[in-house]
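First the structure, in the form of structure tokens, and then the observations on it.
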Amino acid sequence: MAIRTVGVVGAGQMGNGIAHVFALAGYEVLLNDIAQDSLDRAVATIDKNLDRQVSRGKVSAEDKAAAMARIRTTMVLTDLGPSDLIIEAATERETVKQQIFDALQPHLAPGTILTSNTSSISITRLASRTDRPEKFMGFHFMNPVPVMQLVELIRGIATDQATYQTMLGVVESLGKTAASAEDFPAFIVNRILIPMINEAVYTLYEGVGNVQSIDMALKLGANHPMGPLELADFIGLDTCLAIMNVLYEGLADTKYRPCPLLTKYVEAGWLGRKTQRGFYDYRGEVPVPTR
């Protein structure tokens, strides 16, 4: 299966990063979102991030110009139907993802491969609602997409070998490394990472340490590049909570119970960097711990 054209659903932080790396690797990219503002912001972000790569000598000015020329945008979801590969990178809510695949289905080319950038939702369940579960995979990029080397490839129970091999080749063509995961809640990275973050929130909730001491302890004591609470703010506390709920509901184990303090922050709308407040307050020149 030759992949030349790629449709990306969702122009947010993940979607624009995915469009960036595919265009740079030579694929024709059609980026979709429900808002023109989001599409305009995404193209501007890709342009700025490519400029940064040019300034660091990682990309030539010619390659940057060629990549930008390969990206088109549309607010009409069904325009993506003829693409060889479609990557859904919408919000982490199963109903939203199902609606997207339902709307696309009548417009798909016979050979189109469908993938989801979900960080935790069942690939088998998403695939089962489509007309091609054998051509459906989890395609989970790490954030920020242009920088992070790993892509998790998740096979649903019906995914066929040809689709898997094609997607392995696509990951290689992007200059990234694939980690193959089975279709269980949160896959590999988030199955390990998000409960660690949740435990850090419990450590804060129980008064074992404050925000600063918890993050410093993991940075200097475990050599992590970011502390777990700083990382939670970067990921988005709503995303962390959603993944913990998927783990808790999917595995029925109390060790995955989301910390009440994490729930409280999300209820307050303090979701991290994207809302200017989370475990840190980002409204000043320097982030300040909120606890």
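Modelled with pLDDT of 95 or more and more than 27 Å from residue 188 (Cβ to Cβ) - does that describe any residue in the range 112-121?
no
Screening the range 13-57 for residues that are surrounded by 14 or more Cβ atoms within 10 Å (Cβ to Cβ) and among the charged types (D, E, K, R) and picking the one that is nearest to residue 100 (Cα to Cα) gives 33. Being assigned by TED's automatic domain parsing to the domain that holds residue 118 and either assigned to a loop (DSSP other than H, G, I, E, B) or surrounded by fewer than 18 Cβ atoms within 10 Å (Cβ to Cβ) (or both): is that true of residue 220 here? Judged against the criteria, residue 220 is not a match. For the range 223-246, filtered to residues that are of a type in the set (S, T, N, Q) and surrounded by fewer than 20 Cβ atoms within 10 Å (Cβ to Cβ), the residue that is farthest from residue 271 (Cα to Cα) is 223.
None of 127, 109, 158 is over 19 Å from residue 8 (Cβ atoms) and in contact with a Pro (Cβ under 6 Å, 6 or more places away or on another chain) except 158.
Restricting the first member to the range 60-73 and to residues that are free of Cβ contacts under 8 Å to residues at least 60 places away in the same chain, and the second to residues that are assigned to a strand (DSSP E or B), the beta-carbon pairs closer than 6 Å and six or more apart or on different chains are 70/28; 70/29; 71/29; 72/30. Counting the residues of the range 143-176 that are modelled with pLDDT of 95 or more and under 27 Å from residue 249 (Cα atoms) gives 10. Does residue 241 satisfy the criteria of being in contact with a Pro (Cβ under 9 Å, 6 or more places away or on another chain) and over 17 Å from residue 118 (Cα atoms)? So residue 241 does not fit the description; no. Could you please find all residues in the range 122-140 being closer than 18 Å to residue 81 by Cβ and either of a type in the set (Gly, Ala, Ser) or not assigned by TED's automatic domain parsing to the domain that holds residue 159 (or both)? Of everything in the range 122-140, just one residue is closer than 18 Å to residue 81 by Cβ and either of a type in the set (Gly, Ala, Ser) or not assigned by TED's automatic domain parsing to the domain that holds residue 159 (or both), namely 127.
Let's see how each residue does on (1) touching a Lys or Arg at 6+ places or on another chain (Cβ under 8 Å); (2) assigned to a helix (DSSP H, G or I):
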site	(1), (2)
192	no, yes
203	no, yes
208	no, no
214	no, yes
224	no, no
261	no, yes
283	yes, no
291	no, no
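Annotation: of all residues in the range 99-152 being in contact with a His (Cβ under 8 Å, 6 or more places away or on another chain) and hydrophobic (A, V, I, L, M, F, W, C), the one that is farthest from residue 171 (Cα to Cα) is 145.
Can you tell me which residue is surrounded by the most Cβ atoms within 10 Å (Cβ to Cβ) among those in the range 90-139 that are of a type in the set (D, E, K, R) and part of a loop (DSSP other than H, G, I, E, B)? Walk me through it before giving the result.
Of all residues in the range 90-139, those of a type in the set (D, E, K, R) come to 92-94, 97, 102, 125, 129, 131-132, 134-135.
Subsequent filtering for residues that are part of a loop (DSSP other than H, G, I, E, B) retains 92-93, 129, 131-132.
Values: 92: 20, 93: 12, 129: 13, 131: 12, 132: 18.
Per the criteria, the residue is 92.
Looking only at residues of the range 247-281 that are out of contact with any strand residue (DSSP E or B) (no Cβ under 9 Å at 6 or more places or on another chain) and surrounded by 23 or more Cβ atoms within 10 Å (Cβ to Cβ), we find that the one that is nearest to residue 93 (Cα to Cα) is 247. Scanning the range 140-192 for residues that are buried (at least 18 other Cβ atoms within 10 Å of the Cβ), within 22 Å of residue 274 (Cα to Cα) and out of contact with any strand residue (DSSP E or B) (no Cβ under 8 Å at 6 or more places or on another chain) yields 145, 146, 190. When the strands (runs of 3 or more DSSP E) confined to the range 1-83 are screened for residues that are under 19 Å from the mean Cα position of the chain (by Cα), those reaching at least 2 such residues are found at 5-9, 28-32.
Which residue, of 201, 208, is aliphatic (A, V, I, L, M) and buried (at least 16 other Cβ atoms within 10 Å of the Cβ)? Give the derivation first.
Details: 208 fails: buried (at least 16 other Cβ atoms within 10 Å of the Cβ).
Testing whether each residue is aliphatic (A, V, I, L, M) and buried (at least 16 other Cβ atoms within 10 Å of the Cβ) leaves just 201.
Among the residues of this structure, residue 61 counts as one that is among the aliphatic types (A, V, I, L, M) and surrounded by fewer than 13 Cβ atoms within 10 Å (Cβ to Cβ).
The values are calculated or read from the model by the stated rules, or taken from the named source; none is laboratory data. Predicted model, so just to flag it, every value in this text is computed and none were measured. Quick reminder, even Gly has a Cβ in these numbers, built from the backbone with ideal geometry, and neighbours come from all protein chains shown.
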